[in-house]
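Asker: The structure follows.
The values are calculated or read from the model by the stated rules, or taken from the named source; none is laboratory data. If you're wondering where the values come from, they're calculated on a predicted model, not measured in any experiment. Heads up, the Cβs are rebuilt from the backbone with ideal geometry, glycines too, and the neighbour counts pull from every protein chain shown. When the accessible area is computed, the model is the full protein with side chains, heavy atoms only, and any ligands, DNA or RNA have been set aside. Shrake-Rupley method; radii C 1.70, N 1.55, O 1.52, S 1.80 Å.
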Amino acid sequence: MSVDKTIRHVKALATGIKYLVSSKRMTLMYPDEIEEFPDGYRGMIKYNWDTCIKCGLCAMVCPADAMKMYISKEESEEGKKPVRRPGINYARCVFCGFCVAICPTNSLKFTKVHDVVYNTLEEQVYPPEKFREGVPKPQYKKKPKKMRAILDEERGLRYEPVE
Amino acid sequence: MQDLLSFLISLLFRPCIFIPLIFPGLTVIFIMLLMIIWLERKIAAKVQLRYGPLYVFKPLGGVIQTVADLLKDLFQEPIIPKTVDKIAFLLTPIMLFGLAYLPTVVIPVSPTFYAFRSDLSLLLLLTLTTLAPIFTVLMGWASNNKFSLIGGLREGYLVISYEIPMFLSALSMAVLYGSLDLVDIAEAQKGIWGLFLNPVAGISMLVLIYMSTGKFPFEIPEAESEIVAGAYTEYSGIMYGLVMGASYVKLYVLSLVYAILFLGGWNPLPASMMDNPLLPGAMLFAKAFILIAIGVFLRAVYPRFRIDQAMNIGWKMALPFSILAIFISLGIVTITGGM
Amino acid sequence: MSLEERELEVLIGPQHPASGHMRMIAKIDGDIVVELRPNIGYVHRSVEKLAEAKKFLQIIPLVERPSLADTTANNLAYVMALEKLLGLEAPPRAQYLRTLLAEINRIHSHLYGLGIHGVMIGSSTAYMWCFGDREPFIELAQELTGARLSYSYIIPGGVRRELPSRFTEKVEKALRYMENRMKDYFNLYLNNPVTRARLEGVGVLSKEDAIRLGVAGPNLRASGVPYDVRKVEPYAAYPDIDFDIITEKVGDAFARVMVRVKEIQESIRIIRQVLKKMPEGPILHEKYIKAISPKMREYMKETGEVKFPGIFANLRIPAGEAISRVEGGRGEVIFHIISDGKMSPYRMRMVTPSFRNVILFEHLNRGVRVADIPAIYGSLDYFPPEADR
Amino acid sequence: MWVANLDKAAKKAAAWLINKTPIRNIRDWGIAFSLWPVHFTTSCCGAEFAAAVAPKFDAERFGFLPFIGIRQCNVLFIEGTLSKKMGEAAKWVYEQMPEPKFVVAMGACGIDGGIFWNSYNIVRPKDILPVSVFVPGCPPRPEGIAQAIIMLQRKIRKGELVKYEF
Amino acid sequence: MNFEELKSRIEEGLRELSAEISGKEPNVININVSRDKIVEVAKKLKALGFDHVKAVTAIDYPNERFEVVYIASSYSNLDLAFFLINLRTDLPYNDPTTPSLIEVWPSAFYQEHEEHDLMGIVFEGHPRMGERLLLPESYEGLPPLRKEFKIKTEGINA
């Protein structure tokens, strides 16, 4: 075994020990702390019923056919052309945000919710009436602390509570 | 009633029962297993900038994670594939665990507390530890799975490359102390530890212990990214728990042996404390535990060697070094006229 | 015993800790691999066919999905092909923002590759470190674009979002962190004698073979071919930027790893230059800005977020043919788009670097040991969904 | 004949014992905190799955340890699109896993095909496997995976998923 | 080397092979050739320094023809690397066979195999014709990239 190799073995072990004794953890304690995303984060989508002009651009631009125009039951009258409003299917949504970007009246908005899970396929479809009620709330055991990720020269990422 | 109870307790503290059942036997092995697997994950996690098991019992850092894993293993369906050789398949995990555990009966806890003392106890111990790999090879064959087969064969190849130098390194200490009795060897290290007298043997033995128990960088027979889990691929449930535990038990036993051969066993304790086996035992255990902890820490530092490289290390480095170690021992014996 | 009887056929994957989403059929003789055939197609999702049924803008998220860890390259290459057909060029600031994202993406894509390679030769720490250190860069990209991996940031004529406030400082911090960490990477992993023993001299690809087999990306440069699309056919802001093409001579697994490591350092240099030289101006082509309603233009100014003009929903591309290429993290991405003037492409051919590197599995894994298969696989930074598309 | 009956009786007794309250609670607690997913990446969501076990999100805190062999694992994560070729493999992997076992479908593609819903080469995981938790997103954030683990743990401890029948 | 220079050099090299050469600024040169001449043209191009194939595109014009495009370029000569040679050949619709170019350009190996798998074009001389690459072994029916192969679409209304 050459001297050079021995030195490199020692260096590797020393680096390992250095990290074993230092406390440079990067972990976000997820269910107790949640990350507050920067503005413009593309999470689940909020729908404003009143400002929507039912143009259908969002459904047209949706790459995954997740956004669809549903017949709005309260507004449609019999015999007349049905009124259609957008609804979303999170089972297909790819969170590209094209629908939000194209909406001419800003009736669709991003929220920062992105950690919802479902038990069944059906509850992931949000027709307009359900879409209006807002985004689903993720389940937490107790109220989590909101943290903001701060880039750090020494530790890469650290987290600071948001007031 | 009272008499019976005290009789039972006194029975329990008899060496021939205490040693196989309590320390270094089953009870301590069990606690050690639960601790060491958790510790392995925690140490790796710490080096890797994260926490490791935690939420299972948060106040103590998830220390009972292994208990949960054990429960899961216990209640998991033990699958016996149709194509396996049933008897060999079922027998091998038990044999593996049993043979890994068996050498503990030979290990003395203090100069006066041992289950078994013989002039040849070191030889007996080394022989018993070499038996386990045979069952790993058998396991690879019985599983009737290509990855298992390769894993078994790798173990087979490795055994012959680490066993001989390990024997030689261990025996060099026997040469040094002029005895094959573990109690004598430990007692002889009252002054200087074996490691400092013959560092060549000490270092090569340490490397070979990690090699024989499949610790990094020698985790070759069960190299997960190459051959899934090697010989253990087909095992599920509690049978997998057994085979996984066996390699840790082997590490534990070899670490105890190493502590006795090179780290002075229960020394340095004053002679007055030797009457009660508790303190010497704790001393021995602490030394072994440090060795185990180093072994599991290596996971965080090293990738794994290829089998030919490991065999090269066995044959081209460890073997010459261990032969050199014997000569060093002989030299010391010649100069000092026996320890 | 005849040779055939000695050979053992081992199926590695698709459920295997180191196979990823593919199967490798290896014929082994003892510990030596006689022949290895990749069996791909496990992640074939028909991107090329789906593109013919989707509108031009809808294809942007579609082409990103195959190479999820390196989405910007695909996004940029596709949009560049569209822009060639449309005959327009994005404004300079948008070009710089594209470059910025591409380089941030290159860093975390390379870290992804290094991490996967680490775990393939058994170093779980290398994996965890690389994946941990991806996070600051993902955090940056998320702040710039709004998503962790699938950015869909580049659109015809520009980009979707203005630089966030105080972004330069944050980038500088992440870059310094990465530079500091590199020393520990070398100490613990790259200079580790075990790593060296596993990688040096393994899977050597000669320069001639690399050229003959049409290999792409870092794997090509590791064999000593100084080919980089960023220099050969500069796009985005690369013409104004000073950087070197990283090459290694040996062409073994370790050289491929070192090319990635050095490219990370080079990307750090590029990012610093990009942020320094970032010009002022609009981030979307004026033709599209004009098509947006005045109210939304106000909103765009306030938030820095680009609203799409209504014509984007049914964007028509003039008939014609365009080929675009981009140097992504894993190598050269090529889009060959044939448009017949309708709302969807007539034919879209997407050639990803991983698909061009599949051929290396057969070529490099001859006569090596079983344990070298993951070492070689990892060093190629091969991402099966990208190859299968 | 006798042996067969004995066999059956023993199995019944075992089932009764395992399903008895204290044992059952301990059992469910153990399983809930020892979820070992199979190393089976079906598609590109594997990138985020890998990020979920990496330092920032560290799923190992929940006792979630990606493990090597199929025989030792109890969770199958469908990480994204399931192509037809991979679908066969997924079914096969699921059959090889020991009971009790759970399936989580991850990503829009794993639920309803996502952006690839009309591809000719995909299958929907819920058509071939008993999926118990769906994680939307493309790809889901690692937090989503953590939520899925928590949901799975909650379901297991409620006794909804683990059933021993002989 | 500039565009015109390269174009004239290629024209010179391929004079006897009745290839139609046209250019598209700044860096694309189209060479149309019949399928019986394609191997020779490829050999000539390789001799000129175009040493690898970046992409093989097959295009389906229903009931009319198939077109196979080899996009070749150079790694060994970095002056040429800027240029992309599109070597094109038309195949009749009822007989989509063409000689394989893997002898000249081994880099086309998997690309040709893929076009065979998904478009149903037969490359004569390729050792893996008839095997599947991306599609499952059990796949039967029309090659999916053909225009006749329709996939489901949904409108914007639910």
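Asker: Could you list, ordered by first residue, the pairs with Cβ atoms under 8 Å in which the first is in the range D:15-27 and in contact (Cβ under 8 Å) with a residue 12 or more places away in the chain and the second is surrounded by 12 or more Cβ atoms within 10 Å (Cβ to Cβ) and of a type in the set (Gly, Ala, Ser), at least 6 apart or interchain?
Answerer: These pairs meet every condition: D:Arg24/D:Gly159.
Asker: Shifting gears a bit: D:Cys44 fails exactly one of the following numbered conditions: (1) at the interface with chain B (Cβ under 7 Å from one of its Cβ atoms); (2) of a type in the set (A, V, I, L, M, F, W, C); (3) farther than 16 Å from D:Ala146 by Cα. What is the number of that condition?
Answerer: (1)
Asker: Further question: Has the range B:187-208 got at least one residue that is within 24 Å of B:Ile29 (Cα to Cα), in a helix (DSSP H, G or I) and at pLDDT below 85?
Answerer: Looking through the range B:187-208, none of the residues is within 24 Å of B:Ile29 (Cα to Cα), in a helix (DSSP H, G or I) and at pLDDT below 85.
Asker: Okay, moving on. Filter the range C:13-53 down to the residues that are under 17 Å from C:Ile359 (Cα atoms) and of a type in the set (A, V, I, L, M), then identify the one that is surrounded by the fewest Cβ atoms within 10 Å (Cβ to Cβ).
Answerer: Applying the filter and picking the extreme gives C:Ile25.
Asker: Hey, can you tell me all the residues within the range C:215-232 that are under 17 Å from the mean Cα position of the chain (by Cα) and open to solvent by 10 Å² or more (accessible area, probe 1.4 Å)?
Answerer: Within the range C:215-232, C:Arg230, C:Lys231 qualify.
Matching residues to (1) touching a Phe, Trp or Tyr at 6+ places or on another chain (Cβ under 8 Å); (2) under 20 Å from D:Lys56 (Cα atoms); (3) more than 12 Å from chain D (Cβ to nearest Cβ); (4) open to solvent by less than 30 Å² (accessible area, probe 1.4 Å):
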{"residue": "B:Leu12", "(1), (2), (3), (4)": "yes, no, yes, no"}
{"residue": "B:Ile22", "(1), (2), (3), (4)": "no, no, yes, no"}
{"residue": "B:Leu34", "(1), (2), (3), (4)": "no, no, yes, no"}
{"residue": "B:Ile37", "(1), (2), (3), (4)": "yes, no, no, yes"}
{"residue": "B:Ile43", "(1), (2), (3), (4)": "yes, yes, yes, yes"}
{"residue": "B:Pro53", "(1), (2), (3), (4)": "yes, yes, no, yes"}
{"residue": "B:Val56", "(1), (2), (3), (4)": "yes, yes, no, yes"}
{"residue": "B:Leu60", "(1), (2), (3), (4)": "no, no, yes, no"}
{"residue": "B:Leu74", "(1), (2), (3), (4)": "no, no, no, no"}
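Asker: Failed condition for D:Arg124, given (1) in contact with a strand residue (DSSP E or B) (Cβ under 8 Å, 6 or more places away or on another chain); (2) crowded, with 24+ Cβ neighbours inside 10 Å; (3) more than 8 Å from chain A (Cβ to nearest Cβ), with all others met?
Answerer: So the condition that D:Arg124 fails would be (2).
Asker: Out of all the residues in the range C:23-67, which are part of a loop (DSSP other than H, G, I, E, B), among the hydrophobic types (A, V, I, L, M, F, W, C) and within 14 Å of chain A (Cβ to nearest Cβ)?
Answerer: C:Phe56, C:Leu57
Asker: With the requirement that a residue be open to solvent by 10 Å² or more (accessible area, probe 1.4 Å) and either more than 27 Å from B:Ala44 (Cα to Cα) or in contact with a helix residue (DSSP H, G or I) (Cβ under 6 Å, 6 or more places away or on another chain) (or both), what does the range C:121-146 give you?
Answerer: C:Tyr127, C:Glu143
Asker: Follow-up. Tell me which helices (runs of 4 or more DSSP H) are completely within the range D:49-158 and hold 2 or more residues being more than 22 Å from A:Lys137 (Cα to Cα), or say none if there are none.
Answerer: The helices (runs of 4 or more DSSP H) meeting that bar are D:84-96, D:125-128.
One line per residue, one yes/no per condition, for (1) in a helix (DSSP H, G or I); (2) of a type in the set (A, V, I, L, M); (3) touching a Leu at 6+ places or on another chain (Cβ under 8 Å); (4) farther than 23 Å from C:Arg196 by Cα:
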| residue | (1), (2), (3), (4) |
| --- | --- |
| B:Ala293 | yes, yes, yes, yes |
| B:Leu298 | yes, yes, no, no |
| B:Lys316 | yes, no, no, no |
| B:Ser322 | yes, no, yes, yes |
| B:Ile326 | yes, yes, yes, yes |
| B:Ser329 | yes, no, yes, yes |
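Asker: A further question on this structure: Please work out if C:Ile317 is among the aliphatic types (A, V, I, L, M) and within 14 Å of chain A (Cβ to nearest Cβ).
Answerer: The answer is no for C:Ile317.
Asker: Same structure again: Take the conditions away from every other protein chain (no Cβ under 14 Å) and touching a Pro at 6+ places or on another chain (Cβ under 8 Å) and apply them to B:Ile107. Does it pass?
Answerer: yes
Asker: Next question. At positive phi and among the hydrophobic types (A, V, I, L, M, F, W, C): is that true of B:Val249 in this structure?
Answerer: Criteria not met by B:Val249.
Asker: While we're on this one: Answer yes or no: is there a residue in the range A:68-81 that is within 7 Å of another protein chain (Cβ to nearest Cβ) and without any contact (Cβ under 8 Å) to a residue 24 or more places away in the chain.
Answerer: If we filter the range A:68-81 for residues that are within 7 Å of another protein chain (Cβ to nearest Cβ), which is where we start, we get A:68-70.
Now restrict to residues that are without any contact (Cβ under 8 Å) to a residue 24 or more places away in the chain: A:68-69.
Yes.
Asker: Pick from D:Glu95, D:Glu60, D:Glu143, D:Glu99: which is of a type outside the set (A, V, I, L, M, F, W, C), farther than 27 Å from E:Lys150 by Cα and more than 9 Å from every other protein chain (Cβ to nearest Cβ)?
Answerer: Selected residue: D:Glu95, the only one of D:Glu95, D:Glu60, D:Glu143, D:Glu99 that is of a type outside the set (A, V, I, L, M, F, W, C), farther than 27 Å from E:Lys150 by Cα and more than 9 Å from every other protein chain (Cβ to nearest Cβ).
Asker: Please go through the range B:267-326 and pick out each residue that is within 14 Å of chain C (Cβ to nearest Cβ) and open to solvent by 40 Å² or more (accessible area, probe 1.4 Å). Steps first, please.
Answerer: We begin by selecting, within the range B:267-326, every residue within 14 Å of chain C (Cβ to nearest Cβ); these are B:296-313, B:316-317.
B:Arg299, B:Met311, B:Asn312, B:Lys316, B:Met317 - these are the residues of the range B:267-326 that are within 14 Å of chain C (Cβ to nearest Cβ) and open to solvent by 40 Å² or more (accessible area, probe 1.4 Å).
Asker: Let me ask something additional. Residue under question is B:Ile134, and the condition is that it be closer than 26 Å to B:Thr104 by Cα, assigned to a helix (DSSP H, G or I) and either within 13 Å of chain C (Cβ to nearest Cβ) or open to solvent by 30 Å² or more (accessible area, probe 1.4 Å) (or both); does it hold? So that I can check it myself, show each step before the final result.
Answerer: Values: closer than 26 Å to B:Thr104 by Cα: yes; assigned to a helix (DSSP H, G or I): yes; either within 13 Å of chain C (Cβ to nearest Cβ) or open to solvent by 30 Å² or more (accessible area, probe 1.4 Å) (or both): yes.
So B:Ile134 fits the description; yes.
Asker: Return only the number of the condition from (1) part of a helix (DSSP H, G or I); (2) under 19 Å from C:Val274 (Cα atoms); (3) away from every other protein chain (no Cβ under 14 Å); (4) of a type outside the set (Ser, Thr, Tyr) that C:Leu82 does not satisfy.
Answerer: Unmet condition: (2).
Asker: Mind checking whether some residue in the range D:12-30 is within 10 Å of chain B (Cβ to nearest Cβ) and under 30 Å from D:Lys85 (Cβ atoms)?
Answerer: no
Asker: Regarding the range C:95-111, can at least one residue be identified that is touching a Cys at 6+ places or on another chain (Cβ under 6 Å), part of a helix (DSSP H, G or I) and surrounded by 24 or more Cβ atoms within 10 Å (Cβ to Cβ)? Lay out the reasoning, then the answer.
Answerer: Residues of the range C:95-111 that are touching a Cys at 6+ places or on another chain (Cβ under 6 Å), as a first pass: C:111.
Retained after the next criterion (residues that are part of a helix (DSSP H, G or I)): C:111.
With the extra rule that they be surrounded by 24 or more Cβ atoms within 10 Å (Cβ to Cβ), the set shrinks to C:111.
Yes: the range C:95-111 contains one or more residues that are touching a Cys at 6+ places or on another chain (Cβ under 6 Å), part of a helix (DSSP H, G or I) and surrounded by 24 or more Cβ atoms within 10 Å (Cβ to Cβ).
Asker: Name the single residue, out of those in the range A:88-143 being charged (D, E, K, R) and touching a residue at least 40 places away in the same chain (Cβ under 8 Å), that is nearest to the other protein chains (Cβ to nearest Cβ). Write out each step before concluding.
Answerer: Looking only at the range A:88-143, we keep the residues that are charged (D, E, K, R), and these are A:92, A:109, A:112, A:115, A:122-123, A:129-130, A:132-133, A:137, A:141-143.
From the residues that got through so far, the ones that are touching a residue at least 40 places away in the same chain (Cβ under 8 Å) too are A:109, A:112, A:115, A:129-130, A:132, A:141-142.
Numbers: A:Lys109: 11, A:Lys112: 10, A:Asp115: 4, A:Glu129: 13, A:Lys130: 13, A:Arg132: 16, A:Lys141: 8, A:Lys142: 12 Å.
Ranking the candidates gives A:Asp115 first.
Asker: I've got another one for you. Can you name every residue in the range C:321-362 that is facing chain E (nearest Cβ under 9 Å) and β-branched (Val, Ile, Thr)?
Answerer: C:Ile323, C:Ile334, C:Ile338, C:Val351, C:Val358, C:Ile359
Asker: Taking the stated definitions as given, is A:Lys146 under 26 Å from D:Gly144 (Cβ atoms), open to solvent by 30 Å² or more (accessible area, probe 1.4 Å), in a strand (DSSP E or B) and more than 7 Å from every other protein chain (Cβ to nearest Cβ)?
Answerer: Yes.
Asker: Keeping to the range A:42-65, report how many residues are within 16 Å of A:Val94 (Cα to Cα), open to solvent by less than 10 Å² (accessible area, probe 1.4 Å) and facing another protein chain (nearest Cβ under 8 Å).
Answerer: From the range A:42-65, those within 16 Å of A:Val94 (Cα to Cα) are A:42-46, A:58-65; that's our starting set.
So of that shortlist, the ones also open to solvent by less than 10 Å² (accessible area, probe 1.4 Å) come out as A:42-45, A:59, A:61, A:63-64.
From what is left, the residues that are facing another protein chain (nearest Cβ under 8 Å) are A:42, A:59, A:61, A:63-64.
So the count comes out to 5.
Asker: Within the range A:2-53, which residues are assigned to a loop (DSSP other than H, G, I, E, B), out of contact with any helix residue (DSSP H, G or I) (no Cβ under 7 Å at 6 or more places or on another chain) and aliphatic (A, V, I, L, M)?
Answerer: Within the range A:2-53, A:Leu28, A:Met29, A:Met44, A:Ile53 qualify.
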